[in-house]
Amino acid sequence: METLTTLHAAMPAALRRPVVTEWSRANKRGEPVDCFLEGPCFDAQGRLHVTDIPHGRIFRLDAPDAWTLVAEYDGEPNGLALHPDGRRMFIADYKQGILALDLATGAVTPALTRRNSERFKGPNDLVFGRNGDLYFTDQGQTGLQDPTGRVYRWRADGRLDALITNGPSPNGLALSADEEVLFVAMTRDNSVWRVPLLPDGSTAKVGRFASFHGTSGPDGMKIDDQGRLLVAHASLRCVFVLSPQGEVLDCWRSCAGGTVTNLALHGGRAFITESASGSVLECPA
């Protein structure tokens, strides 16, 4: 089965910056990149926010053609997650660590920038549990050649647990509805790992839940209200809809470019970042 997405919004030309950045040197062979959208996240008022990684920007879409710059700072913001207080979004920033965005003022402040005085490799994505625990990936430039990517749980009481330390490019995260399983996209392994979260706080019997192919791999993910895992694939131009057993039930195909990076769910629809074209796509979810 295959579902074609439609265009929800595209970054206006006036906001695009076709210049070489530190990010484009590392990730796009030094080519100018005018934007690279990621981290779609809705606030408590139902307004969509997205990040622009190479230019350190966060935008709010008040309407498909009305983009508001919420924050711009010296960083590379990737994933966004709404804090349980509803007033802040937390940012997985490749350069700066875990940051907090005040949605009322646009102020960006450090939340967790180091572990035991050591800088992170490069955080990528994050998700909150209902109890306020924050799970995030520390991807850096890891891959099959260097499987040292990490997945952390930053507990609401301040403790920081390393759940995975041997990940080949840990990227997107999704918690099961009962929050007993954490799914982790391992981009350069082209797979999704299933990480049981045990009552004592540890993990065991981590396994490969799904495998893919292509030049990149799975990126951002979400669990829908039917318990299906939605996996954005950064080189196969779609979001895969997987059953609780990892079977492919549907494929939401990009109507724009091929770099499908992440998604958010709202009002019975999926809103998907397609980063090559600087677009947000949508389809029924």
Worksheet item: Can you tell me how many residues in the stretch 1-55 are in a loop (DSSP other than H, G, I, E, B), without any contact (Cβ under 8 Å) to a residue 24 or more places away in the chain and of a type outside the set (Val, Ile, Thr)?
Response: 8
Discussion item. Being out of contact with any strand residue (DSSP E or B) (no Cβ under 6 Å at 6 or more places or on another chain) and among the basic types (Lys, Arg) is the filter here; which residues of the stretch 21-60 pass it?
Written reply: Arg25, Lys28, Arg29
Response to the item:
By residue number, the members of the stretch 251-285 that are part of a strand (DSSP E or B) and either at pLDDT below 95 or not hydrophobic (A, V, I, L, M, F, W, C) (or both) are Arg253, Thr261, Asn262, His266, Arg269, Thr273, Glu274, Ser279, Glu282, Pro284
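On the basis of being buried (at least 19 other Cβ atoms within 10 Å of the Cβ), in a strand (DSSP E or B) and of a type outside the set (A, V, I, L, M, F, W, C), does Asn166 make the cut? Quick ask: steps written out before the conclusion?
Numbers: buried (at least 19 other Cβ atoms within 10 Å of the Cβ): no; in a strand (DSSP E or B): yes; of a type outside the set (A, V, I, L, M, F, W, C): yes.
For Asn166, the condition - buried (at least 19 other Cβ atoms within 10 Å of the Cβ), in a strand (DSSP E or B) and of a type outside the set (A, V, I, L, M, F, W, C) - is not met.
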Fill in: Single residue of the stretch 89-124 satisfying the filter (surrounded by fewer than 13 Cβ atoms within 10 Å (Cβ to Cβ), of a type in the set (Ser, Thr, Tyr) and modelled with pLDDT of 95 or more) that is nearest to Gly158 (Cα to Cα)
Thr109
Discussion item. If I filter the stretch 78-88 for residues that are without any contact (Cβ under 8 Å) to a residue 24 or more places away in the chain, buried (at least 19 other Cβ atoms within 10 Å of the Cβ) and touching a helix residue (DSSP H, G or I) at 6+ places or on another chain (Cβ under 7 Å), do I get at least one hit?
Written reply: no
Worksheet, complete the sentence: Those residues of the stretch 141-163 which are among the small types (Gly, Ala, Ser), touching a residue at least 24 places away in the same chain (Cβ under 8 Å) and outside any strand (DSSP E or B) amount to Ala156
Item to complete: Please report, ordered by residue number, the strands (runs of 3 or more DSSP E) entirely within the stretch 182-227 with at least 1 residues that are surrounded by fewer than 17 Cβ atoms within 10 Å (Cβ to Cβ) and touching a Lys or Arg at 6+ places or on another chain (Cβ under 9 Å).
Response: 191-196, 207-211
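The values are calculated or read from the model by the stated rules, or taken from the named source; none is laboratory data. This is a predicted model, so every value here is computed, not measured. Cβ: placed from backbone, ideal geometry, glycine included. Neighbour counts: every protein chain shown.
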